[in-house]
Amino acid sequence: MIRDLPLPLALALALCVLLSACALLPDRAGPITIEREHADAMARLVSDYRRANGLGPVRVDAALMAAAEQQARTVAARDRLDHGNFAGRIHRHRVDTDRAFENLAAGDPTPQAALATWKASAGHQRALVSPTSTRIGYVRALAPGTRHRTFDVLVLASD
C-alpha cells in the first residue's frame, strides 16, 4: 500500500497521479478558430511599413504560414504568449533559423492593432524592419473562452 512506501516516494507517486489527471482535462481555451485570411493584408501593411523605412516588401509564404498556425494554436490553447522552441519549430518547417523572427500579440481587437502593438515595441519593431526579411506567415487565433480572446502570430524570414 501507499502508506508503506517511504514518504518521498509516496509524494512522488501522488504528484504523478495528479499530473496524469491534469493531462486528461480539456484545453482551457475551448474552441479555437484559426484565421488565415488576413495574411495578404498583413503582408501589405508590413511591406508599407518597411518601405517607409527604406526596405523591400515581404510576401506570404506557405511554410511560414504553417509555422505561424502551429504557434497560434499552441498559445491560444494555453492562453499564454510563449515562443516555445521557436528554432526547432522553424527548422521543422525548413526555414533558416538564423534569419527568422516571430512576433506574438494577444488581446488586440484587429490585425492592424496587433501590428501597432509590434511597432510600439523595440524588439518587435526590429523584427519588422529586419533587412533580410522577404516573406511572412501571419495567423490569428480566436479563442473566446480565454482571457486574451485573440492571439496573433507573425513569422518573418529571409529567402
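The values are calculated or read from the model by the stated rules, or taken from the named source; none is laboratory data. This is a predicted model, so every value here is computed, not measured. A quick note on method: Cβ atoms are made from the backbone with ideal geometry, for glycine too, and the neighbour counts reach across all protein chains shown. Ligands, DNA and RNA are excluded from the accessible area calculation, which covers all protein heavy atoms including side chains. Shrake-Rupley method; radii C 1.70, N 1.55, O 1.52, S 1.80 Å.
Out of the residues in the range 109-129 that are open to solvent by 10 Å² or more (accessible area, probe 1.4 Å) and touching a Lys or Arg at 6+ places or on another chain (Cβ under 8 Å), state the one that is nearest to V46 (Cα to Cα).
V129
Do you know which of the residues in the range 87-107 that are open to solvent by 40 Å² or more (accessible area, probe 1.4 Å) and in a helix (DSSP H, G or I) is modelled with the lowest pLDDT?
Ranking the candidates gives T97 first.
Restricting attention to the range 101-148, and to residues there that are hydrophobic (A, V, I, L, M, F, W, C) and without any contact (Cβ under 8 Å) to a residue 24 or more places away in the chain, which single residue is nearest to G30 (Cα to Cα)?
Result: A113.
Pairs please, first residue from the range 76-89 and more than 24 Å from G145 (Cβ to Cβ), second anywhere and open to solvent by 50 Å² or more (accessible area, probe 1.4 Å) and modelled with pLDDT of 85 or more, Cβ atoms under 8 Å, 6+ apart in sequence or on different chains.
Listed by first residue and then by second, the contacts come to R89/Q70.
Can you name every residue in the range 27-81 that is basic (K, R), modelled with pLDDT of 95 or more and either open to solvent by 40 Å² or more (accessible area, probe 1.4 Å) or under 17 Å from the mean Cα position of the chain (by Cα) (or both)?
Within the range 27-81, R44, R51, R59 meet the criteria.
Can you tell me which residue is modelled with the lowest pLDDT among those in the range 147-159 that are open to solvent by 10 Å² or more (accessible area, probe 1.4 Å) and in a loop (DSSP other than H, G, I, E, B)?
D159
Hey, can you tell me all the residues within the range 32-46 that are out of contact with any helix residue (DSSP H, G or I) (no Cβ under 8 Å at 6 or more places or on another chain), part of a helix (DSSP H, G or I) and in contact (Cβ under 8 Å) with a residue 12 or more places away in the chain?
Within the range 32-46, D40, A43 meet the criteria.
On the given criteria, is G84 on the phi > 0 side of the Ramachandran plot and either part of a loop (DSSP other than H, G, I, E, B) or crowded, with 20+ Cβ neighbours inside 10 Å (or both)?
yes
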